[in-house]
Amino acid sequence: SLYGESAACGARITWAAAHHFASLGADAACERGHSLVRSECDVCQACPLHEVKPACVASPQWHPRAHPFDCQQGRDDWRRSWSDAKKTWCLPHLKRFWALPAALPGATPGDAA
């Protein structure tokens, strides 16, 4: 569990690659996602890159075209700057891997319900 949310290390790494590092390309994005998740999650620190990278690189999830919205863009002012459609899509997807208060300034768990 990280920030009260349960997800497999590989899923967290793939999400981080897609949402933070996709512009680097699959290999580099997955490596950076791995580093980020390992720095935040004690359990994931034991996950070696060679075990999670192949699934991350192969996953369509990290590819930016797989998502209708860039949930990082406008994140600091999401309540005002995001459209209702973007909120409807991004809030549940962010909540799935990261606790909302950590993922979005001013968010509460009820926002993604």
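Suppose the filter is β-branched (Val, Ile, Thr) and closer than 25 Å to residue 69 by Cα; does residue 37 pass it? Before you say what the answer is, go through the steps one by one.
On the way: β-branched (Val, Ile, Thr): yes; closer than 25 Å to residue 69 by Cα: yes.
Yes.
Conditions tested, residue by residue: (1) modelled with pLDDT of 85 or more; (2) surrounded by fewer than 13 Cβ atoms within 10 Å (Cβ to Cβ); (3) acidic (Asp, Glu); (4) closer than 17 Å to residue 92 by Cα.
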{"site": "21", "(1), (2), (3), (4)": "yes, no, no, no"}
{"site": "32", "(1), (2), (3), (4)": "yes, no, no, no"}
{"site": "37", "(1), (2), (3), (4)": "yes, no, no, no"}
{"site": "41", "(1), (2), (3), (4)": "yes, no, no, no"}
{"site": "45", "(1), (2), (3), (4)": "yes, yes, no, no"}
{"site": "48", "(1), (2), (3), (4)": "yes, yes, no, no"}
{"site": "73", "(1), (2), (3), (4)": "no, yes, no, yes"}
{"site": "81", "(1), (2), (3), (4)": "yes, yes, no, no"}
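The values are calculated or read from the model by the stated rules, or taken from the named source; none is laboratory data. Being a predicted model, the structure only gives us computed values, none of them experimental. We place every Cβ from the backbone using ideal geometry, glycine too, and count neighbours over all the protein chains shown.
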